[in-house]
1. Taking the criterion of being part of a loop (DSSP other than H, G, I, E, B), away from RNA strand B (no atom under 14 Å from the Cβ) and modelled with pLDDT under 85, would at least one residue in the stretch A:581-594 satisfy it?
2. Test of understanding: among A:528, A:504, which residue is outside any loop (DSSP other than H, G, I, E, B), in contact with a Phe, Trp or Tyr (Cβ under 6 Å, 6 or more places away or on another chain) and either crowded, with 22+ Cβ neighbours inside 10 Å or small (Gly, Ala, Ser) (or both)?
3. Count, please, the residues in the stretch A:606-622 that happen to be assigned to a helix (DSSP H, G or I) and buried (at least 19 other Cβ atoms within 10 Å of the Cβ).
4. Search the stretch A:801-822 for residues that are within 16 Å of residue A:741 (Cβ to Cβ) and pair each with any residue that is part of a loop (DSSP other than H, G, I, E, B) and within 8 Å of RNA strand B (Cβ to nearest atom) when their beta-carbon atoms are under 7 Å apart and the residues are at least 6 apart or on different chains.
5. With A:411, A:347 as the choices, which residue is out of contact with any Leu (no Cβ under 7 Å at 6 or more places or on another chain) and over 16 Å from residue A:228 (Cβ atoms)?
6. Any residue in the stretch A:306-323 that is of a type in the set (Asp, Glu) and more than 13 Å from RNA strand B (Cβ to nearest atom)?
7. Would you check which residues across the stretch A:623-652 are surrounded by fewer than 16 Cβ atoms within 10 Å (Cβ to Cβ) and within 7 Å of RNA strand B (Cβ to nearest atom) and list them?
8. Restricting to the stretch A:181-232, and then to whatever is of a type in the set (Val, Ile, Thr) and surrounded by fewer than 19 Cβ atoms within 10 Å (Cβ to Cβ), can you tell me which residue is farthest from RNA strand B (Cβ to nearest atom)?
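The values are calculated or read from the model by the stated rules, or taken from the named source; none is laboratory data. Just so we're clear, the structure is a prediction, and the values are computed from it rather than from any experiment. Quick reminder, even Gly has a Cβ in these numbers, built from the backbone with ideal geometry, and neighbours come from all protein chains shown.
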Amino acid sequence: MAEVNFQKIEKKWQKEWEKAGIFHVAEDSKKRKYYVLEMYPYPSASFLHMGHVRNYTLGDVYARFRRMNGFNVLYPMGYDSFGLPAETAAKKEGIHPKKYTEDAIKKIIEYMKALGLSYDWNRIIASHDQNYYKWNQFFFLKLFEKGLAYRKKSPVNWCEKCESVLADEEAEGGKCWRCGNEVMKKELEQWFFKITDYAEKLLKGLDRIDWPERIKVMQKNWIGKSYGTEIDFEVEGKAWPIFTTRPDTIYGVTFMVISSQHPRLMELVTENQKKEVENFVRKCQKARTAEEIENLDKQGVFTGKYAVNLLTKEKIPVYAGNFVLAEYGSGMVMAVPAHDQRDFEFARKYKIPMKVVIQPKNCKLSSEKIEKAYIDEGIMADSGNFNGMLSSKAIDPISDFIEKKKLGKRAVHYKIRDWLVSRQRYWGTPIPIIYCGKCGVVPVPEKDLPVLLPEKVDFKAKTNPLSSSKEFVNVKCPLCEGNARRETDTMGGFVDSSWYFLRYCDSKNKNKPFDENKVGYWMPVDQYVGGAEHAVMHLIYARFFTKALKDLGFVTFDEPFARLFNQGIVYKDGSKMSKSSGNVVFQTDISDKYGIDTARLFLMFVSSPDKQMEWSDEGVEGSFRIINKLIRLKEKVSGKGDARQESKMNLAVKKATESLEKFEYPRAIISVIECVDAFSDSLSRKNYEILLKLMHPFCPHITEELWHELGNKSFISLEKWPKADESKIDLEFEKQEKQSELVVDDIRNIFRILKEKQNKEPKKVYLYMLPKELGVYKDAKGSIEKSLNVPVEIFAVNDPKKYDPQNKAGKAKPGKPAIYIE
RNA sequence: GCGGGAGUGCCGGAGCGGCCAAACGGGCAAGCUUGAGGUGCUUGUGGCUUAGUGCCUGCACAGGUUCGAUUCCUGUCUCCCGCACCA
C-alpha cells in the first residue's frame with residue numbers, strides 16, 4: 001500500500017472547504033438552526049496543545065454531526081483579545097499589546113485551521129477591535145442610564161503584582177486568579193454593575209437550563225440565597241439591625257459582634273476603648289494570606305457599649321470582631337455561643353457567658369459545661385413562650401412574634417455582590433465617562449462612540465498607562481464644553497465575553513451591536529462547550545448581561561446558553577497539561593507524525609469527553625491504526641452486502657447516532673470500529689460510505705479524501721447523516737455470532753489441551769447440533785473454519801449417517817453443539 | 001467544615017438491577033507475515049479443573065434491601081474538584 005500523506009490530504013481539504021465556503025451560514029427560516037459554541041479563547045502566543053485540541057474538536061464533532069443532520073449550524077470563533085498578558089508583555093519586552101495580540105491571533109487562527117475546525121470564519125470577532133468594543137461602551141451607557149452601572153467608593157480587592165483591582169469572582173480565596181498573588185483590600189472609587197438586582201433571576205433561571213449539576217451548584221452557592229430574619233437590637237436608643245437565619249436562638253444571645261471593617265463602627269466605641277479598637281482595626285486591615293484566613297483565630301475587642309435584646313430586655317456587650325463580614329447582612333451579628341460554633345469560640349476566648357436555649361432530645365446541656373456549640377435542632381428552653389417547641393418549628397412563630405412587635409422582619413439575603421468592572425489597566429475597553437468640575441459624572445454621548453483606546457502611551461509608567469496620554473485624558477465636557485477629564489479606568493475582560501455570542505450572529509454590523517432578528521433566529525446557544533473554571537465568572541456574568549439586555553429591550557430571551565458541556569482536563573504524567581507544568585504535547589507533535597485526524601480521534605475516543613483524561617503516547621498509535629484500517633478497508637469494497645452485513649451496519653448507525661447525540665463519543669467510534677473489523681473481508685460500497693460518514697465528524701480530512709477517491713463529487717462534510725433502517729436490524733445475527741464464537745472458544749480450548757497433554761495436532765473438527773440449529777451453524781461454518789484453520793464438518797445429532805466414533809453427539813445442548821476432534 | 005464527583009484487569013476506560021463483568025483501546029507474551037526491523041494478522045493475558053460446554057475468586061471496605069447488585073440503600077476509608085468565618 002502506498003504511503004498515505006496525511007499532511008497533504010489535510011491541507012488539500014482545508015483549502016477546498018475554504019474555497020467552496022461550505023461552512024458559511026446565513027439565517028434560513030426553512031431550516032432548523034443549531035448554535036454550537038466554544039468559549040472564545042484568550043490569544044496567547046503559544047501553540048495549541050492537546051487540551052485545546054480536545055476542547056475545540058469536541059465542539060467541531062458536534063457541529064459537524066448536527067450539520068450533517070440537516071441543521072443550519074452556526075459555529076463561529078473569535079478572540080478574547082483584551083487582557084493583562086498582552087500588557088505585561090508590552091511592559092517586559094517592549095512590544096505593543098496590539099501587535100502582541102494580533103500576532104498571536106494570526107498564529108492561533110493558523111493552528112485552528114490546521115485542526116480542521118468547521119468554523120464560519122466570516123464571523124470572526126476580536127474584542128480589542130474598536131468595532132467590537134464600541135458596543136461594550138454602548139451597553140455600558142445603557143446600563144448607566146438604567147442605574148445598573150454605578151460608581152462608588154468601596155474597599156476592593158487589589159492585586160499588588162497586577163496593579164489592578166479584581167472582582168470578587170477573580171479574587172477567590174484571597175488570591176489573584178491570574179497571578180496567584182495575595183489580594184489586599186483598598187479603598188477606591190470603582191465602577192460596578194448591579195448584578196445583585198438579578199440575584200433571584202439568576203438563581204431561578206438555573207432550573208430552566210440544561211447544565212452540568214456541579215456548575216449549577218457552584219452558581220447557587222455563589223449567589224448564596226438565605227432566608228432569615230432581620231432583628232433590631234438597641235444601642236443607646238438607636239436601632240442596630242442584624243440578620244439571622246436562626247431566630248429560634250434569639251433567647252440565647254449573650255453578646256453582639258460588629259465587623260472591624262464596619263463604616264459605623266466608631267459610633268459604638270466609648271472613649272475608654274477607642275485606642276484599643278483602633279489598634280485592632282488596623283491589625284485586621286493588613287493583607288491576609290490564604291493560610292492565615294484558614295486558621296484564623298476569632299479575635300475581637302470590647303467596644304465599651306451594650307446593646308439590648310428587645311425580646312428579653314437583656315443588656316449584652318458589643319464587640320468588634322475580625323470574623324464578621326462588613327459586606328454581608330448588616331455587618332453586625334447577634335452572637336449565640338451555645339448554638340453557633342464561631343460564637344462559641346469567641347465567647348470561650350473572651351470568657352463571655354453562654355446560654356443554652358435549645359436542648360438535644362436525648363440529653364441535657366448545661367450552659368457552664370458545654371464543650372462545643374449545639375447547632376442541630378432540639379427542644380426550645382429558656383425561651384419565653386416558645387419553650388417546649390421543636391426549634392425548627394419555632395422559627396416561624398418567633399419570626400411572626402418579632403414582626404408583630406415591630407422589632408424586625410423576615411428577609412432574604414444573598415451572598416453575591418455587585419460586579420466590579422473597572423480596571424486600572426490600559427489594554428481594555430475605555431469606560432465612556434467624563435468627569436467635569438461643573439457637571440460631575442457625564443456619560444460620553446452615543447454619537448461620540450467609540451472612545452478609542454490611544455495607541456501611544458507610556459508603558460513604563462507606574463500607574464495606568466492610559467493616564468499618561470494627555471490627548472486621551474484632557475477633553476471638553478459634552479454638556480458645558482468646559483475642561484474635563486476622561487475616565488482612565490477600562491472595563492474588565494469579562495464585560496467583553498458577556499455578549500460576544502450575540503455579536504457572532506451579526507458580527508459585521510456597523511450601526512448596531514446586532515440585528516434583533518438575526519439574534520432572534522440564532523440564539524440561544526444550543527450547545528456551549530467550555531471549561532468548568534468559568535463557573536462563577538464568565539458563566540454568571542454572561543447570564544446577568546443577557547438578562548439585563550432583555551430588560552433593556554435588546555433581546556427577547558434571558559438565558560444565553562441552553563445546554564452547557566464541560567470538557568474534562570487533559571493530564572500528562574499526573575498533572576494538568578499546561579505550559580507552566582512543562583508537560584505539553586503540541587498539536588504539531590502529533591499532526592507531523594500521524595496527521596491531525598489521529599489526534600482528534602484519539603482525544604475523542606480514549607475517554608468520555610466530560611471526564612479528565614490521561615494523555616498517552618502509545619494510545620495514539622491505536623487511533624492511528626484505526627484510521628489505517630479504515631483506509632485499507634477501501635480495497636475490500638465489493639458486492640451488495642448480505643442481510644447480515646445490512647443488519648450490522650444499521651445497528652451501528654443507530655448506536656453511533658444515539659451516542660453522538662449524548663456526547664458519548666467513544667461509543668460512537670466503537671460502533672464504527674466494530675464494523676471495520678466485521679467487514680474486513682468485504683463490504684458494499686454503500687456501507688463503506690456509511691462508515692466514512694459515521695467517522696467523518698472525528699476524522700474529517702481522511703474521510704473527505706476517501707469519499708472523493710470513491711468517485712464522489714460532493715463534500716462528505718455536507719452529506720446527509722445516514723439513517724438507521726431498523727427493519728434491517730436482526731439481533732438474531734448478533735446472537736448467532738456470539739454463539740459461534742463460544743463454539744470456537746471451546747474448540748480452541750480442546751486444541752490446547754490436546755497439544756499440551758497428547759501432543760496432537762488437530763486435523764478435523766466435527767460438530768453435532770440439534771436439528772433446528774443446523775441452519776444457523778451452516779452459515780457460520782466458513783467463519784469457524786477460517787478462525788480455526790482446519791476443516792469442519794457439521795452433522796445433526798439425529799443424523800444416522802453421522803461420523804461419531806466417540807459418541808460425542810449426546811453432549812449437544814441448545815446453542816452449544818457437541819464437538820469431536822480428530 | 002460544607003457541597004459535588006469518583007474508587008472495576010498491568011494501564012486508559014465500558015457496563016449502572018438478572019442475559020455478559022471487563023466492551024473498545026493500550027501494554028505485555030507467543031505464533032504467523034517479513035531477509036531483519038517496522039507494519040499487518042492470529043491467539044493468550046485472576047486461580048483451579050477439564051476433550052471442552054465447569055467450579056472458585058473478583059468491580060475500595062463492612063453491612064443491608066432483593067429470588068438476584070459492580071449497578072439501589074447505610075456506614076467507613078481513599079482520591080479528585082469546588083466553596084469556605086455568608087450569621
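1. Within the stretch A:581-594, one or more residues are part of a loop (DSSP other than H, G, I, E, B), away from RNA strand B (no atom under 14 Å from the Cβ) and modelled with pLDDT under 85.
2. Details: A:504 fails: in contact with a Phe, Trp or Tyr (Cβ under 6 Å, 6 or more places away or on another chain).
None of the others qualify; the one that does is A:528.
3. Of all residues in the stretch A:606-622, those assigned to a helix (DSSP H, G or I) come to A:617-622.
Next, only the ones that are buried (at least 19 other Cβ atoms within 10 Å of the Cβ) stay: A:620.
Total meeting the criteria: 1.
4. Within 7 Å, the pairs are A:819/A:808.
5. Numbers: A:411 fails: over 16 Å from residue A:228 (Cβ atoms).
None of the others qualify; the one that does is A:347.
6. Going residue by residue through the stretch A:306-323, those that are of a type in the set (Asp, Glu) are A:314.
Then drop every residue that is not more than 13 Å from RNA strand B (Cβ to nearest atom), which leaves A:314.
Yes, the stretch A:306-323 contains a residue that is of a type in the set (Asp, Glu) and more than 13 Å from RNA strand B (Cβ to nearest atom).
7. Once the filter is applied, which keeps residues that are surrounded by fewer than 16 Cβ atoms within 10 Å (Cβ to Cβ) and within 7 Å of RNA strand B (Cβ to nearest atom), the stretch A:623-652 yields A:625, A:628, A:629.
8. A:209
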